[in-house]
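In what follows, a structure is listed as structure tokens, so that the remarks can point back to it.
The values are calculated or read from the model by the stated rules, or taken from the named source; none is laboratory data. Not measured: the values here are computed from a predicted model. A quick note on method: Cβ atoms are made from the backbone with ideal geometry, for glycine too, and the neighbour counts reach across all protein chains shown. Side chains are part of the model used for accessible areas, which takes the heavy atoms of the whole protein and leaves out ligands, DNA and RNA. Shrake-Rupley method; radii C 1.70, N 1.55, O 1.52, S 1.80 Å.
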Amino acid sequence: KLYLNTQSWAILADIAPPERIGAILENVDRYLEVEKGYTLFYPAYTLFNKNVGQISMFSPGLKDNAGIMTHAQTMMLAANCKVNRGDVCYRVLCKSLPNLQRNYLRYESEPYAFPQFISGPDHPYESGTGHFSWMSASAGWTLMVISYWLYGIQPQLHGLLIDPKIPTSWRQCRLIRPFRGAIYDIEILNPSGNYSGVSEVYLDSQRL
């Protein structure tokens, strides 16, 4: 019924027309956001489908069959930031971070290493269990999403673009960013609890 990757990339690649973005986000929130993050699609396959192949051979909620693929999830986190939904990005991110799990007897993976995927809610007996830790690009992609999209500090051809999409509850945050032979110590102040928009920029105490 609904796949995660096609929704996130429609936004990231500027394919979705503006009038469709609201419907995309509404359906992602309704069908794909679950207790531990974003499932890969909804609903899970319960029978083998020869037109789909291997995906439908996994148990429902396991791996590619509507599991929570932590790598694919990062693309939707970035898409949320692109449309100024930093609060949603942060909320879903916290659901799947290894160090923020509430029940490690269920999670089973290490609290310091990303799993490749977490069993989705359709799994019959191990929903919320992490699998294949140390075998995922999710750690690197998550760092990129936090740095490039949530903090909004993106390397560009002509320099660093600073366009934060931080949660409205964050009043202050800081990121140290090596870039082209320099170390940038970037502090973002958000006293009014805004979710986007930069009003002033200072470099070495001088207002730009």
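Between N99 and E19, the C-beta separation translates, for a Förster distance of 30 Å, into a calculated FRET efficiency of about 0.15. In a Debye calculation with equal point scatterers on the alpha-carbon sites of the stretch 109-208 and no solvent, what is log10 I(q)/I(0) at q = 0.15 Å⁻¹? Relative scattering, expressed as log10 I(q)/I(0), comes to -0.77. Here the stretch 50-208 has 54 percent of its accessible surface on carbon and sulfur atoms, given a 1.4 Å probe and all protein chains in place.
Note on the chain: with a GNM built from Cα contacts shorter than 10 Å, the maximum mean-square fluctuation among Y31, Y125, Y107 falls on Y125. Specify which labelled value, from [x] 39, 17, 16; [y] 34, 19, 15; [z] 27, 21, 16, agrees with semi-axes √(5λ) of the Cα gyration tensor in Å derived from the coordinates of the model shown. Recomputing semi-axes √(5λ) of the Cα gyration tensor in Å here picks out [y]. If you plug the beta carbon distance of T46 and H71 into 1/(1 + (r/R0)^6) with R0 = 22 Å, you get a FRET efficiency near 0.35. Extension gain, I186-Q156: 0.36 nm per intervening residue step, less the Cα-Cα distance, totals 9.2 nm.
Grab the DSSP H runs of the chain that are 4 residues or longer, score each as -39,500 (n - 2.57), total them, divide by all residues and round the 222 nm result to the nearest 500 deg cm²/dmol.
Values: 6 runs with 54 residues, N = 208.
Result for the chain: -7500 deg cm²/dmol, rounded to the nearest 500.
Size estimate for the stretch 35-75 follows the Kirkwood approach: the inverse of mean 1/r over distinct Cα pairs works out to 10.3 Å. Computed over the chain, relative contact order equals 16 percent, with contacts defined as Cα pairs under 8 Å that lie 6+ residues apart.
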